[in-house]
Structures are given as C-alpha cells and as structure tokens.
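The values are calculated or read from the model by the stated rules, or taken from the named source; none is laboratory data. Bear in mind the structure is a predicted one, so any value in this text is a computation, not a measurement. Glycine also receives a Cβ, built like all others from the backbone with ideal geometry; neighbour counts cover every protein chain displayed.
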C-alpha cells in the first residue's frame, strides 16, 4: 500500500450517507459512481464526497481508472482545528488520515482529490501490475497550511502462483510529495499466501520503507523531518521502518 495510505489504496477511508451505482459488465467494461450528501442545510456541496471509476478486462489484460473527491466543510470562517485540538476533518468521508506524520498535518485541507490508474497482465502463473496515483490535499483560508500538498506515487508488483495453494509476490512503491513541503518515500514489499482450504488461508507479508525530506507537524503549522510509515497502520518511525504482518483468514 502507499505510504501513509495518502491515496486511499489501502481503503482506510469510509464514506457515510453514500449512494453508489455499479453497472453490469458490457464487453469487459464496467463503470461505477458514488455520491455522498454533505448534509449541510442550504449548502449542497459542503462536506460532500463523490467518485467515479471504470475497469476494462480483456483476457489477460486489465486496466482501471478512478477519481475521488472529498470536501471538508467550512467552520464559520475560522481556521479548521488541528489534530492538537481535535480533528479538522468533518466531511461525509473521514479522510485518509491514519495517525502518521505523512499527511496528519493536512487534516485542515479544504478537500482531498485523488486520481489513480492501474493495469495488470497475466502470463501463466505470473501476474505483472503497475499503477500511478496523484493525491492532492488542497488548502484555503481556513487551512493551517498554505499550499496544496501533492503526492505522486508509482507502484509495480509481480505475483507468482507457485502452486494452486501457494501465492508469492514482490512489490515496489515510490512516493514524492511537493507543495507546502517535499519528501520522498521508497518501499519494498514481499509476501506469501497459502490456502489451507477454499475459504481459509494464512499469509505473511513484510515491508521496508525509507523516507527523506520534510513534512508537516501534526498541527500542520511546523515543518519536521519526514517519517517512514507503511500503509495505513498509522505507526510513525524514524526515516526507516520495517513491518511484518502474519495472519490466519477465514471467509464466511
């Protein structure tokens, strides 16, 4: 997953009051759209969240694209509170803030805008995949930070179905932030999954990440050294972080 899950690739954001439509599949193409009402009387767009996406599957090739926008409502013309006094985020989406310093100082953003494209190719037991995302945390007069912060991320992975029960994978992710601050994150991940039955499996995943540059403090008003933070776990490290996750999963 992306550092700090800044682009919601790890599905850390939840949206309330949402209406969603997913189309049937037409010759491999499927589209969907979602809208969540902000609930502010007389201000239709205040706090609203919306998204649109499409995927196309043609044999071994799959491509997809999506766009997501979450708005943070105004607070009587005042600067939105920072994390030191309470969350500055109040839209229908709870945002992509996992507790790490990667984007914690951006909770007073006017909106979060995320665009993502991805593709994969299956060749026998191998699956090759790549993706790119652009996440923008936009500021206004009520934000604690001055300039829109942008996170550009490129990712790639290779999976190998060693047997019917064993899946192995390796991935690499590169994230570059710019705007109010600038930081660079490199991450390498490896994993294995073993099916005990059709509904039960065990998995082992490991990741290493290195951060350099600067980011915002939790309150969004000071510049501090960038910290490594794998995925949406929300644990800040030093400039490097290692994470191992092992689990037993049963599907009902």
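Tabulated data for the structure shown
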read-out	value
In segment 119-154, residue surrounded by the fewest Cβ atoms within 10 Å (Cβ to Cβ) [restricted to those that are touching a helix residue (DSSP H, G or I) at 6+ places or on another chain (Cβ under 7 Å) and part of a strand (DSSP E or B)]	149
Given (1) surrounded by fewer than 15 Cβ atoms within 10 Å (Cβ to Cβ); (2) in a helix (DSSP H, G or I), index of the condition residue 42 fails	(2)
Among residues of segment 183-241, those that are closer than 16 Å to residue 5 by Cβ, out of contact with any helix residue (DSSP H, G or I) (no Cβ under 8 Å at 6 or more places or on another chain) and in a strand (DSSP E or B), counted	5
Residue 178 being out of contact with any helix residue (DSSP H, G or I) (no Cβ under 8 Å at 6 or more places or on another chain) and either more than 23 Å from residue 127 (Cβ to Cβ) or surrounded by 15 or more Cβ atoms within 10 Å (Cβ to Cβ) (or both)	yes
One residue from 31, 40, 3, 25 being under 27 Å from residue 156 (Cα atoms) and over 22 Å from the mean Cα position of the chain (by Cα)	25
Residues of segment 12-26 satisfying the condition of being part of a loop (DSSP other than H, G, I, E, B) and either in contact with a helix residue (DSSP H, G or I) (Cβ under 9 Å, 6 or more places away or on another chain) or modelled with pLDDT of 95 or more (or both)	12, 13, 23, 24, 25
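Yes or no, residue by residue, for (1) in contact with a strand residue (DSSP E or B) (Cβ under 9 Å, 6 or more places away or on another chain); (2) free of Cβ contacts under 8 Å to residues at least 60 places away in the same chain; (3) in a strand (DSSP E or B); (4) exposed (fewer than 15 other Cβ atoms within 10 Å of the Cβ):
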| site | (1), (2), (3), (4) |
| --- | --- |
| 51 | yes, yes, yes, no |
| 55 | yes, yes, yes, no |
| 69 | yes, yes, yes, no |
| 78 | no, no, no, yes |
| 81 | no, yes, no, no |
| 102 | yes, no, no, no |
| 117 | yes, yes, yes, yes |
